[in-house]
Amino acid sequence: MLQKIQSRSEGENMNVSKREKLLNITENCIGEKYHFLCDEHQNYTPVGQGGSGIVYAANQRFSDDYDVCTKRAIKFFAFRDDLISTLGYVSKDNFDVEIENICRFNHQNILKVIDGNYYKTKAPDESQAEISIPYTITEFIEGPDLESLFREENKELCMQILKKEESVFSLFAQIVCGIQYLHKNSFYHCDIAPKNIFIKTDKDGEFLAIVGDLGAGKTINPKKFDTTRIIGTRNYMPENVQKLKNEEVSYTDFCKLQPGWDIYSTVRTLKEIIDKIKSSNLFKFDFWNLDRLYEKLTDNKYFSISDIEMDIEHLRPTSNQIFRLDELSEASKSIGHVLLPINSAYLSRRMRKLSKHEMILRLMDVPQLLEGATTFPGANHTRYEHTLGTYELMRKAMLSLLRNKEYA
């Protein structure tokens, strides 16, 4: 039998947040089916919290005794103390609609939501007004999140999971795959960040990336909401979203923010992980493919999560040559790039050799637009640059066709 919480001293109570006082967690405060777990000091301590929610661990009981139970994570959508005065206590709007949606999601890279309901309580101020705080019950991931994976205490696990460059690409592919699943279901996460991506491992060292904390997300459906509040992690919001943080926006205005918001936070998350990998001094691989991916993430303007997935898959170390052509396989280490005024051209050894042939090099002396530079000073590129640019555009066109299932 789980031990009940011991009473805290007056000194301890002074350190309890308004949010914790509001919730007043006890062993079975949301019913006999779920029993909250104590820490080593026999206190009900949150296992995670942010500006818009707080998470506790609990056991879901399947029998009258504790012989059959499963560990769960229970998140209450209540604002942090510093936000209560301006935003109120409850952080989740349209909860009834969204809990119906997210409980239907079933994907190996998405945190599974088991259940949800309202926790009835009273305001801890003089008003004593009744408050209904939404909460969700999800699977409990024992592994760390990406934010804590690189900390000293997780050093061995980090080296085990990311033991080679291909493992990093596998991690990225799983993250993007989960987000893509949400977008295909017209759901936008709105809080993609390393702290909300969890690593689930098995005894053989295999891992799954789990995209969690769906509570800030929204389903794009005009019948579901008229207005919504913009919440999430500020550092992973694009500038136009940061300006609206904690504000109420209309359905139409929210639709204008997505999918660009999720794309921005996904790109930032992936780049941040690459930076941490390269600066950690834990890994011995040469980062060739990761450097290329970082360049892509920095330079490309993405219009969908699928575009990011294509770059990840295209640059994976284990990617096979397409039609045995290095020119169509950017994962090949024979590929180098030549800087051009607009976009770089990616050349294989064979194409680099061809580009240095005397018959091609003579095009450097031939202007592309002849007298154009007299009117437009920037129009001074050569037939050589034009030739390489044309090659690069055709290479990209071929790749786009080959990725199209209907074409294949």
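Numerical summary
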{"quantity": "Linear extension gain, Thr382 paired with Thr70, 0.36 nm per residue minus alpha-carbon span", "calculated": "105.6 nm"}
{"quantity": "Normalised convex hull volume, region 131-209, alpha-carbon set, Å³ per residue", "calculated": "133"}
{"quantity": "Built amide H within the under 5 Å cut-off of Thr45, gap 5+", "calculated": "Asp39"}
{"quantity": "Solvent-accessible ranking of Lys195, Lys33, largest area first, probe 1.4 Å", "calculated": "Lys33, Lys195"}
{"quantity": "Label point distance in nm, Leu325-Glu152, each placed 7 Å from Cα along Cα→Cβ", "calculated": "5.3"}
{"quantity": "Within region 75-91, backbone nitrogen closer than 17 Å to the virtual label 7 Å beyond the Cα of Glu130 toward Cβ", "calculated": "90"}
{"quantity": "Accessible surface, the chain, averaged per residue in Å² (probe 1.4 Å)", "calculated": "54"}
{"quantity": "For the chain, convex hull of alpha carbons as volume per residue, Å³", "calculated": "204"}
{"quantity": "Inter-centroid distance (Cα atoms) of region 147-162 relative to region 261-287, Å", "calculated": "14"}
{"quantity": "Carbon + sulfur, % of accessible area of the chain - ligands and nucleic acids excluded, 1.4 Å", "calculated": "49"}
{"quantity": "Whole-Å distance, taken between Cα centres, linking region 180-231 and region 67-122", "calculated": "13"}
{"quantity": "Ratio Rg/Rh [Cα only; Rh per Kirkwood] for region 129-172", "calculated": "1.27"}
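The values are calculated or read from the model by the stated rules, or taken from the named source; none is laboratory data. Quick caveat, the model's predicted, so the values are computed rather than measured. Note: ideal-geometry Cβ built from the backbone for every residue, glycine included; neighbour counts use all protein chains shown. SASA here: full protein model, heavy atoms, side chains in, ligands and nucleic acids out. Shrake-Rupley method; radii C 1.70, N 1.55, O 1.52, S 1.80 Å.
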